[in-house]
1. Do you know which of the residues in the range 135-165 that are β-branched (Val, Ile, Thr), more than 17 Å from the chain's Cα centre (by Cα) and within 24 Å of Thr118 (Cα to Cα) is surrounded by the fewest Cβ atoms within 10 Å (Cβ to Cβ)?
2. If you go through the range 289-348 one residue at a time, how many are in contact with a Lys or Arg (Cβ under 6 Å, 6 or more places away or on another chain) and outside any helix (DSSP H, G or I)?
3. Does the range 12-21 include one or more residues that are part of a helix (DSSP H, G or I) and either free of Cβ contacts under 8 Å to residues at least 60 places away in the same chain or buried (at least 22 other Cβ atoms within 10 Å of the Cβ) (or both)?
4. Would you point out which residue out of Tyr237, Tyr241 is within 19 Å of Phe61 (Cα to Cα), assigned to a loop (DSSP other than H, G, I, E, B), under 22 Å from the mean Cα position of the chain (by Cα) and not acidic (Asp, Glu)?
5. Tell me, which residue of the range 306-324 that is of a type outside the set (Phe, Trp, Tyr) and over 27 Å from the mean Cα position of the chain (by Cα) is surrounded by the most Cβ atoms within 10 Å (Cβ to Cβ)?
6. Specify which of the listed residues (Leu124, Leu108, Leu130, Leu96) is exposed (fewer than 14 other Cβ atoms within 10 Å of the Cβ) and either closer than 21 Å to Arg187 by Cα or of a type outside the set (Gly, Ala, Ser) (or both).
7. Which residue pairs have Cβ atoms under 7 Å apart, sit 6 or more places apart or on different chains, and have a first residue in the range 252-279 that is surrounded by 15 or more Cβ atoms within 10 Å (Cβ to Cβ) and a second that is small (Gly, Ala, Ser) and part of a loop (DSSP other than H, G, I, E, B)?
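The values are calculated or read from the model by the stated rules, or taken from the named source; none is laboratory data. Just so it is clear, the structure is predicted and the values come from calculations on it, not from any experiment. Glycine also receives a Cβ, built like all others from the backbone with ideal geometry; neighbour counts cover every protein chain displayed.
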Amino acid sequence: MPQEVTLSGATPVTARPKKRVPFWDNARFACITLVVMGHATQRLTSESDPALVVYLFLYAFHMPAFAIVSGFFSKSSPPGRRQMRRVITDILVPYLIMEGIWSLVQFLVEGKRELNPTQPSWTLWFLLALGIFRLILPYLALLRWPLLWSVVISVGVGYLDNVDSTFSLSRALGILPFFVLGWQINRWRLVDRWHLVRAKTWWVRLAAAAVLVGWAVVLIVGIDLWRRIDLRYWFFYDRGYAALGNEDWTGGLVRLAAILLAVVLTAAFFVLVPRSQSWITKYGQSTMYVYLLHSFVLYPLRESGILKDTFNPEIVLVGMLVLSVLIVIVLSSSPVRRIFRPLIEPRASWIFSRKRAFDPVAPHDDPTGSRRDVRT
């Protein structure tokens, strides 16, 4: 999504091509569809094992996949004035607008009297995560092995009980490796070297399908165990290990295993994404609208109890999966984008100062105020 903020990130590392690559728009459509499906089926999981299987299948990799795509289209150089303005207009302002709307909705429906922008409502956490990623990446890029460091941060933050959902920090740091992996894939030119976007080798796709089917089989066979240990919470990356019931040091190994699983499943998923122009391509260009608006469509269904108290949860499950695809298509349509553009893509030019934003000469060479010998 080159022009919007993009659940696919900011500016690419290289010059942006004039012609869009259909694969990436197809991938975005597929990713956002999985996100909507996951949110649509959540209320069914307590009553239905098949619903829990679908839920765990999706949550193992759907947000990591989004983070990888976001990282692929991000750059590690320090942000200039234009990039800094876009962080404000494309992330912070939409976040505040949507958080305000959610607070109003929850007050009217649930009587919840709380306006706390430090605790993002439902899906809004990923907007803040994008801002955190953009802040961290230039510093990680200065280090050797940035991907390794991102994994260390993700695994290590789980041992810190004081890092929580405030400003989505725990979840953002938890999925940081996937964002950095996407940036590294672009930096290493893996797509160009391996022709991953253009490849149509049948055996590669067969192997990818086998990986995803294998994961589904593991979930089906062990569903009682996965329900008993609340496996889904490990895929949220938003809680410390102690809060997940793991009091010893092995919690980091479980998170590392979840990261590796997500990478394998995401790779298999991307292999199966169509490479050429198709009917889904145009819908993949507006995923921000779907991401921010679909929760308002699902909210009445989730809160009314219709999904939780049903005699045929499996039939409802199929219906919700079909409905999810329809939601993505409708919310990606031109009429919806025209109506909600002021909320999703606010111009907000009035918020910026017309005066010079930066000092012409830095007052110190070192931010600590100390002097250092320059060594070459």
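1. By that ranking, first place goes to Ile153.
2. 2
3. no
4. Answer to the check: Tyr237.
5. Pro313
6. Leu108
7. Pairs found: Gly252/Gly158; Arg255/Gly158; Leu261/Ala60; Ala262/Ala60; Leu265/Ala60.
A quick yes/no check of all residues on (1) of a type outside the set (Ser, Thr, Tyr); (2) assigned to a loop (DSSP other than H, G, I, E, B); (3) in contact with a helix residue (DSSP H, G or I) (Cβ under 7 Å, 6 or more places away or on another chain); (4) modelled with pLDDT of 95 or more:
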position	(1), (2), (3), (4)
Arg198	yes, yes, no, no
Val204	yes, no, yes, no
Ala209	yes, no, yes, yes
Ala216	yes, no, yes, yes
Arg227	yes, no, yes, yes
Phe269	yes, no, yes, yes
